[in-house]
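Read the structure below first, then the notes.
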Amino acid sequence: MSGAAGASGTIQLPGAGGSLRAYTPRTEPLALSTGAPFTSRTVFSAAHVVADPYADVSPDAPAAVDWDATLAFRRHLWSHGLGVAEAMDTAQRGMGLDWGGAAELIRRSAAEAKAVGGLIACGVGTDQLVSGSLGEVREAYEEQLALVEGTGAQAILMASRALAAAASGPEDYLEVYGHLLRQASEPVILHWLGPMFDPALEGYWGSSDLDAATDTFLEVIAAHPDKVDGIKVSLLDAQREIDLRRRLPKGVRCYTGDDFNYPELIAGDDHGFSHALLGIFDPLGPLAAEAVRVLDTGDVKGFRELLDPTVELSRHLFHTPTRFYKTGVVFLAWLAGHQSHFTMVGGLQSARSLPHFARAYELADGLGLFPDPALAAARMKNLLSLYGVEQ
């Protein structure tokens with residue numbers, strides 16, 4: 001897809017307060033090839049969904065998804081050797097995508113994974129409920145676990161807003177998660193999502209004291225180590241993740257969900273390393289895959305040289321309010337040509353400002369992430385014109 005027309009010369013990018021700066025786009029993307037899965041790390045990209053822009057729906061109506069474009073993006077990730085973490089926070093779970101939409105997404109993506117031989121794990125939550133008793137929370141989890149395991153996908157037990165509201169202390173988390181782990185037919189990934197991603201998860205594991213919460217989390221794992229493949233930690237605190245992974249039982253993996261500090265956590269240290277399950281690997285997919293292939297050869301320095309420069313973009317996309325990072329992810333997918341429009345389920349394309357989009361474009365283009373830089377520049381100019389920015 002070419003966007004050469006209108007992409008020559010500089011672009012006037014807006015900053016805070018109405019200022020403009022001239023930016024000269026790249027003319028060539030990075031040369032990144034597809035390839036087989038990795039040997040040194042297990043790496044999942046949490047993938048976004050593509051909205052149907054022609055659906056006549058309101059922001060609070062059930063999501064209208066463009067299934068063809070959504071599945072095509074997953075094939076793109078699989079082609080680079082990445083696994084897909086499906087129906088997670090990045091797919092706007094609980095922020096535009098309800099359980100009905102998530103269930104259909106899981107069924108379709110799991111079938112596609114089987115067809116192409118792609119690695120997939122799917123989110124299991126309780127978003128059938130707004131609130132409920134502990135028994136109702138268990139039943140909601142059980143329904144979703146049965147669906148995911150029925151597709152043949154690995155289950156990711158996601159943090160639950162309903163459980164956070166219903167639980168009176170750590171013992172309730174131990175009971176609910178213990179019940180689910182006994183029921184799981186295969187080892188699952190346990191997901192600890194911090195309140196910066198979802199304020200309703202404040203005090204998860206029964207305490208706002210993260211040390212106490214960590215102890216409860218580890219108690220759940222210690223009671224059922226054969227049913228826990230790994231943990232996915234999204235607390236944006238590198239040292240806490242390092243300390244936690246050193247306390248895991250042998251054979252239980254740590255999948256970093258730290259979109260601020262992922263290069264150092266994946267590279268690891270003398271005591272171990274993290275695998276990855278990251279939202280930022282949606283826009284970074286091909287570059288992240290190239291970096292992990294370098295790491296597979298034992299070249300930690302080369303891995304860091306490729307991945308460290310991406311952190312500035314990731315921190316920009318994930319800045320507070322962190323939960324709106326999905327807007328930047330979909331924006332970059334549009335600029336990269338993975339979808340024909342910048343529309344999101346739930347109308348979430350309005351969740352970030354024009355200066356935020358401008359900086360995201362500048363950083364992503366500087367990294368060479370766009371397969372067709374001219375197309376990206378043309379689309380950026382179109383967006384700017386809608387906001388009244390003259391070029």
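Can you name every residue in region 195-243 that is under 19 Å from V43 (Cβ atoms) and part of a helix (DSSP H, G or I)?
A238, E241, I242
Output yes when any residue across region 172-191 is open to solvent by 10 Å² or more (accessible area, probe 1.4 Å), at pLDDT 95 or above and either more than 20 Å from G230 (Cα to Cα) or out of contact with any helix residue (DSSP H, G or I) (no Cβ under 9 Å at 6 or more places or on another chain) (or both), and no when none is.
yes
Select from region 269-279 the residues that are outside any strand (DSSP E or B) and open to solvent by less than 30 Å² (accessible area, probe 1.4 Å) and write down the one among them that is farthest from E305 (Cα to Cα). Spell out the reasoning first.
As a first pass, look at region 269-279 and keep what is outside any strand (DSSP E or B): 270-271, 273-274, 279.
Right, trim to open to solvent by less than 30 Å² (accessible area, probe 1.4 Å) and you get 274, 279.
Details: S274: 18, G279: 20 Å.
Step by step, filter region 269-279, then rank; the result is G279.
Applying the selection to region 136-159, what residues are open to solvent by 50 Å² or more (accessible area, probe 1.4 Å) and not in a helix (DSSP H, G or I)?
G152
If we scan region 5-19, do we find a residue that is over 26 Å from S160 (Cβ atoms), open to solvent by less than 30 Å² (accessible area, probe 1.4 Å) and part of a loop (DSSP other than H, G, I, E, B)? Break it down stepwise before answering.
Residues of region 5-19 over 26 Å from S160 (Cβ atoms): 5-19.
If we keep only those that are open to solvent by less than 30 Å² (accessible area, probe 1.4 Å) as well, we get 7, 11, 13-15.
Checking which are part of a loop (DSSP other than H, G, I, E, B) leaves us with 7, 15.
Scanning region 5-19 turns up at least one residue that is over 26 Å from S160 (Cβ atoms), open to solvent by less than 30 Å² (accessible area, probe 1.4 Å) and part of a loop (DSSP other than H, G, I, E, B).
Among all residue pairs at least 6 apart or on different chains, which show Cβ distances below 8 Å where the first residue, located in region 303-329, is more than 13 Å from R359 (Cα to Cα) and the second is hydrophobic (A, V, I, L, M, F, W, C) and open to solvent by 60 Å² or more (accessible area, probe 1.4 Å)?
Cβ pairs passing all conditions: T320/M196; T322/M196; R323/M196.
Mind checking whether some residue in region 319-341 is among the aromatic types (F, W, Y), within 19 Å of the chain's Cα centre (by Cα) and farther than 19 Å from D259 by Cα? It would help to see each step written out before you state the result.
Going through region 319-341, the residues among the aromatic types (F, W, Y) turn out to be 324-325, 331, 334.
From what is left, the residues that are within 19 Å of the chain's Cα centre (by Cα) are 324-325, 331, 334.
Narrowing the set further to residues that are farther than 19 Å from D259 by Cα leaves 334.
There is at least one residue in region 319-341 that is among the aromatic types (F, W, Y), within 19 Å of the chain's Cα centre (by Cα) and farther than 19 Å from D259 by Cα.
Every residue in region 194-207 that is surrounded by fewer than 20 Cβ atoms within 10 Å (Cβ to Cβ) and out of contact with any Pro (no Cβ under 6 Å at 6 or more places or on another chain), please.
If the condition is that a residue be surrounded by fewer than 20 Cβ atoms within 10 Å (Cβ to Cβ) and out of contact with any Pro (no Cβ under 6 Å at 6 or more places or on another chain), then P195, M196, P199, A200, G203, S207 are the ones that fit.
Identify all residues within region 120-135 that are part of a helix (DSSP H, G or I) and touching a residue at least 12 places away in the same chain (Cβ under 8 Å); write none if there are none. Walk me through how you get there before you give the answer.
Residues of region 120-135 that are part of a helix (DSSP H, G or I), as a first pass: 134-135.
Across region 120-135, the qualifying residue is only L134.
Give the number of residues within region 244-268 that are among the hydrophobic types (A, V, I, L, M, F, W, C), more than 20 Å from the chain's Cα centre (by Cα) and part of a loop (DSSP other than H, G, I, E, B).
Step one: list which residues in region 244-268 are among the hydrophobic types (A, V, I, L, M, F, W, C), which gives 244, 248, 252, 254, 260, 265-267.
Imposing the further condition that a residue be more than 20 Å from the chain's Cα centre (by Cα) reduces the set to 244, 248, 252.
Filter again for part of a loop (DSSP other than H, G, I, E, B), leaving 248, 252.
Qualifying residue count, region 244-268: 2.
Among the residues of region 121-142, write down those that are among the charged types (D, E, K, R) and under 23 Å from the mean Cα position of the chain (by Cα). Please lay out each step first, then the result.
Kept after step one, since they are among the charged types (D, E, K, R), are these residues of region 121-142: 127, 136, 138-139, 142.
Scanning region 121-142 gives a single hit, D127.
Return the pairs, sorted by first residue and then second, in which the second residue is of a type outside the set (K, R), the first residue lies in region 97-119 and is outside any helix (DSSP H, G or I), the beta carbons are less than 6 Å apart, and the residues are 6+ apart or on different chains.
L97/A63; L97/A91; L97/V345; D98/P62; G118/W78; L119/G83
Quick one: would you say F44 is more than 18 Å from H341 (Cβ to Cβ), at pLDDT 90 or above and in a strand (DSSP E or B)?
Numbers: more than 18 Å from H341 (Cβ to Cβ): yes; at pLDDT 90 or above: yes; in a strand (DSSP E or B): yes.
Judged against the criteria, F44 is a match.
Quick one: what pairs do we get from region 61-82, first residue on the phi < 0 side of the Ramachandran plot and among the aromatic types (F, W, Y), second surrounded by fewer than 22 Cβ atoms within 10 Å (Cβ to Cβ) and in a loop (DSSP other than H, G, I, E, B), C-beta under 7 Å, 6+ apart or different chains?
Partner pairs satisfying both residue conditions: F73/H338; W78/G118.
Run down A31, A85, A22 and say which single residue is assigned to a strand (DSSP E or B), surrounded by fewer than 12 Cβ atoms within 10 Å (Cβ to Cβ) and of a type in the set (G, A, S).
None of the other options fit; the residue is A22.
Could you tell me whether any residue of region 336-352 is farther than 29 Å from W99 by Cβ, open to solvent by less than 10 Å² (accessible area, probe 1.4 Å) and touching a helix residue (DSSP H, G or I) at 6+ places or on another chain (Cβ under 7 Å)?
no
The values are calculated or read from the model by the stated rules, or taken from the named source; none is laboratory data. For clarity, every value in this text was computed on a predicted model and none was experimentally measured. When we count neighbours, we look across all protein chains shown, and the Cβ atoms used for this are built from the backbone with ideal geometry, even at glycine. Heads up: the accessible areas ignore ligands, DNA and RNA and are worked out on the full protein's heavy atoms, side chains in. Shrake-Rupley method; radii C 1.70, N 1.55, O 1.52, S 1.80 Å.
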